[in-house]
Amino acid sequence: MRAAVAQDLTGIDGLTVTEWPTPPEPAAGQVLVRVHCAGVGPWDVGMLSGGFPGLAAPFVPGQELSGVVEAAEPGSEVQPGQRVYATTFPTGGGLAEFALVDSARVAAMPAALDFPEAAGLVIGAGTAYEGLIDKGRLRAGETVLITGAAGGVGSSAVQIAAAVGARVLGVASSGNHDYLRGLGASDVFDYHDPEWAAQVRHAVPGGVDLLFDGTGGQTRDSALTTIRDGGHAVSIIAQAPLGELDRGITGETFAAHVDRQRLDALSRLVQAGQLRPAIEAIFPLEHVHDALARVAGGHTRGKIVVQIAA
């Protein structure tokens, strides 16, 4: 089969599209998927640069995919011929014509989505759902501030928070403000403006209930000043854990775990018209370097997807 194979861990230039062994028939607890599309994200760039301990080349990257079930054990939740979306994190394998997937981390695709849209939802929306709902316990009537709001995770986070009935504040460059309002943000702030955090505090005098951080660094540090006493902060930047916080604020960093239950929750939001994938660009497998370079640039709006089969 054709696959994008990392021959070394020196960056995206170590990736080549070549022939690679087709996975074997699935063992118990596995599903073999004929891949149509794979999403790519900063986690793929990090893996290819040696940023994940224990990972060795050669390997096939790609942690989120959509496609059609080729083979599955009897009694599996999904069966041959069914359209599915899934995550292969952290073992990869999605940037190939076939991929073996843990049966607990694959689910039926929402009927309203095509393959690129479904592949683009898996990790971004799954991470947003886990951070906002499972860890942040966001509720209707609360206020959430989302940094990195225009990216693959942030675009889904804005929509999921709006679906809950929260007041959504987004932080992004000014060129993305109308885009975020269209997704459900009521207020948007430009992180290039040195006064943006003060503007948030003016807009929400009591402070926001929850910070969902997708950036880390100075933007996150400024965002922490906007949280109300006793509020909560959740960050997806595991390399920069939250330190000790004052004013009774609690905080945590996490690495997402997307499973069938979370994928099914995303499907319900899609079917209700409350969540739609935001796809910036679709690249063929032969141009996977261009797809990853776009992600590595750090300013994508929504998701980048690689199409492997029509």
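Summary table
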| quantity | calculated |
| --- | --- |
| Only listed residue being farther than 25 Å from K303 by Cα, among the acidic types (D, E) and in contact with a strand residue (DSSP E or B) (Cβ under 8 Å, 6 or more places away or on another chain), chosen from D209, D246 | D209 |
| Hits in region 91-119 (condition: out of contact with any Phe, Trp or Tyr (no Cβ under 7 Å at 6 or more places or on another chain), over 20 Å from L275 (Cα atoms) and free of Cβ contacts under 8 Å to residues at least 60 places away in the same chain) | T91, G94 |
| Test for G165: is it of a type outside the set (A, V, I, L, M), in contact with a helix residue (DSSP H, G or I) (Cβ under 8 Å, 6 or more places away or on another chain), more than 23 Å from G248 (Cα to Cα) and in contact (Cβ under 8 Å) with a residue 12 or more places away in the chain | no |
| Subset of region 229-273 (residues that are of a type outside the set (A, V, I, L, M), closer than 19 Å to P205 by Cα and surrounded by 19 or more Cβ atoms within 10 Å (Cβ to Cβ)) | G231, H232 |
| Pair list, Cβ < 8 Å and 6+ apart or interchain, from region 136-149 residues that are over 14 Å from L183 (Cα atoms) to residues that are open to solvent by 10 Å² or more (accessible area, probe 1.4 Å) and among the aromatic types (F, W, Y) | T147/Y191 |
| Residue check, S66 touching a helix residue (DSSP H, G or I) at 6+ places or on another chain (Cβ under 9 Å), among the polar types (S, T, N, Q), under 24 Å from L266 (Cα atoms) and in a strand (DSSP E or B) | yes |
| Top-ranked residue in region 11-26 [being under 27 Å from G302 (Cβ atoms) and touching a residue at least 60 places away in the same chain (Cβ under 8 Å); ranked as surrounded by the fewest Cβ atoms within 10 Å (Cβ to Cβ)] | D13 |
| Matching residues in region 110-129 - criterion: being open to solvent by 20 Å² or more (accessible area, probe 1.4 Å) and farther than 19 Å from A3 by Cβ | A111, A112, D114, E117, Y129 |
| Selected residue (only one of G67, G131, G93 is of a type outside the set (V, I, T), closer than 24 Å to V295 by Cα and within 16 Å of the chain's Cα centre (by Cα)) | G131 |
| Pairs with Cβ under 8 Å, 6+ apart, first in region 28-47 and without any contact (Cβ under 8 Å) to a residue 24 or more places away in the chain and assigned to a helix (DSSP H, G or I), second among the aromatic types (F, W, Y) and open to solvent by 10 Å² or more (accessible area, probe 1.4 Å) | G46/F52 |
| Candidates G29, G50, G62, G92, filtered to the one that is open to solvent by 30 Å² or more (accessible area, probe 1.4 Å) and at positive phi | G50 |
| Any hit, region 128-137, residues being out of contact with any Ser or Thr (no Cβ under 7 Å at 6 or more places or on another chain), under 21 Å from I227 (Cα atoms), among the basic types (K, R) and outside any loop (DSSP other than H, G, I, E, B) | yes |
| Cross-chain or 6+ apart pairs with Cβ under 7 Å, region 209-223 first and within 16 Å of A162 (Cβ to Cβ), then acidic (D, E) and at pLDDT 95 or above | D209/E142; L210/E142 |
| Odd one out for R167, checked against (1) over 23 Å from G298 (Cβ atoms); (2) of a type in the set (D, E, K, R); (3) out of contact with any Ser or Thr (no Cβ under 7 Å at 6 or more places or on another chain) | (3) |
| A71 being modelled with pLDDT of 95 or more, surrounded by fewer than 20 Cβ atoms within 10 Å (Cβ to Cβ) and farther than 24 Å from L266 by Cβ | yes |
| Extreme residue, most open to solvent (accessible area, probe 1.4 Å), among residues of region 274-310 that are in a strand (DSSP E or B), within 20 Å of R181 (Cβ to Cβ) and in contact (Cβ under 8 Å) with a residue 40 or more places away in the chain | I279 |
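The values are calculated or read from the model by the stated rules, or taken from the named source; none is laboratory data. What you are looking at is a predicted structure, and each value in this text was computed from that prediction instead of being measured. Counting neighbours? That spans all protein chains shown, and the Cβs are built from the backbone with ideal geometry, glycine included. Surface areas here come from the heavy atoms of the whole protein model, side chains and all, with no ligands, DNA or RNA. Shrake-Rupley method; radii C 1.70, N 1.55, O 1.52, S 1.80 Å.
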